[in-house]
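Note sheet for the following structure.
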Amino acid sequence: MINQPGAQLRDLAIRIATHVLPDMNTAYGQADAGLISGLLMALAQDFERAAFNRMADIEEIQQIFKVAKINHPGLPADQDMEAFSERAPASLHLQDLDQLHARGFELLIDLHTWAEANNPELNQSIWSLLRRHSERNKFEVGGP
């Protein structure tokens with residue numbers, strides 16, 4: 001997952017204009033161009049799936065919080081988790097999705113800390129969510 005993809009694209013465009021193009025005849029310039037090409041490929045992959053993946057994470061976190069509240073009333077940050085479980089993003093703009101997504105993961109970390117010491121089943125559910133999150137967000141890198 002790439003945070004602030006618009007800013008990342010702007011930074012890469014500036015880098016191309018100010019560093020790569022003036023230096024294309026050197027090994028360093030060519031390596032820099034290769035690195036930027038790889039970063040642009042990653043940004044393209046993330047762009048295609050950003051909203052879907054963030055919403056999938058948010059929905060899974062909300063479901064874990066709902067189940068945790070039913071099975072373990074009085075958890076740390078219980079009210080915050082309940083409020084998060086009922087929230088929807090302000091819009092489908094990535095900035096709004098990122099904000100809600102980040103809040104969900106902050107609360108999930110708190111719950112995971114508790115679950116590691118107190119509830120192996122909930123702990124495993126959180127690890128499973130994290131695995132699905134990493135699989136959804138992995139980058140497919142082509143080889144030679």
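Between Arg136 and Thr26, the C-beta separation translates, for a Förster distance of 30 Å, into a calculated FRET efficiency of about 0.20. Note on Val67 and Thr113: the model spin-label points, each 7 Å out from Cα along the C-beta direction, lie 2.3 nm apart.
Dipole check for the chain: with +1 at the C-beta of Lys and Arg, -1 at the C-beta of Asp and Glu, and the Cα centre as origin, the magnitude is about 240 Debye. Taking Cβ atoms as reference points and 14 Å as the exclusive limit, the residues near Asp110 contribute a net charge of -3, counting Lys and Arg as +1 and Asp and Glu as -1. Each of Leu35 and Ala51 was given a label point 7 Å from its Cα along the Cα-to-Cβ line. The distance between the two points is 3.3 nm.
In this rough spin-label picture, where each label sits 7 Å from Cα along the Cβ direction, the His19-Arg103 distance is 3.6 nm.
In the neighborhood of Ile16, defined by Cβ-to-Cβ distances under 13 Å, what is the net charge if each Lys or Arg adds +1 and each Asp or Glu adds -1? Local charge sum for Ile16: -1.
At 0.890 mPa s and 25 °C, plugging the Kirkwood radius over alpha-carbon pairs of the range 4-78 into Stokes-Einstein gives what diffusion coefficient in µm²/s? Translational diffusion coefficient: 157 µm²/s. Put simply, the C-alpha atoms of the range 83-129 give a gyration tensor, and the ellipsoid matching it has half-axes of 25, 9, 9 Å, longest first. Please build a GNM for the chain, connecting alpha carbons under 10 Å apart, and tell me which residue among Leu21, Leu43, Leu92 fluctuates the most. Of Leu21, Leu43, Leu92, the most mobile in the Gaussian network model is Leu21.
Kirkwood analysis of the range 31-144, using all unique Cα-Cα pairs, places the hydrodynamic radius at 15.6 Å. The residues of the chain present an accessible area of 63 Å² per residue when probed at 1.4 Å with all protein chains retained.
Ordered by 1.4 Å accessible area with all protein chains kept, Ser91, Ser37 run largest first as Ser37, Ser91.
In order along the range 103-118, phi translates into HN-Hα couplings of 5, x, 5, 4, 5, 5, 4, 4, 5, 5, 4, 5, 5, 4, 8, 10 Hz, rounded to whole numbers, per the Karplus curve 6.51 cos²θ - 1.76 cosθ + 1.60 with θ = phi - 60° and x for Gly and Pro. Each part reduced to its alpha carbon centroid, the range 1-52 and the range 75-105 end up 30 Å apart. Of the residues Met55, Met41, Met81, Met24, ranked by 1.4 Å probe accessible area with the largest first, the sequence reads Met41, Met24, Met55, Met81. Shown for the range 1-119: the carbon plus sulfur share of the solvent-accessible area, taken with all protein chains present and a 1.4 angstrom probe, equals 58%.
The values are calculated or read from the model by the stated rules, or taken from the named source; none is laboratory data. Nothing here was measured: the structure is a model prediction, and the numbers come from that model. Note that we place each Cβ from the backbone using ideal geometry, even for glycine, and neighbour counts take in every protein chain shown. These accessible areas exclude ligands, DNA and RNA; they are computed on the full protein's heavy atoms, side chains included. Shrake-Rupley method; radii C 1.70, N 1.55, O 1.52, S 1.80 Å.
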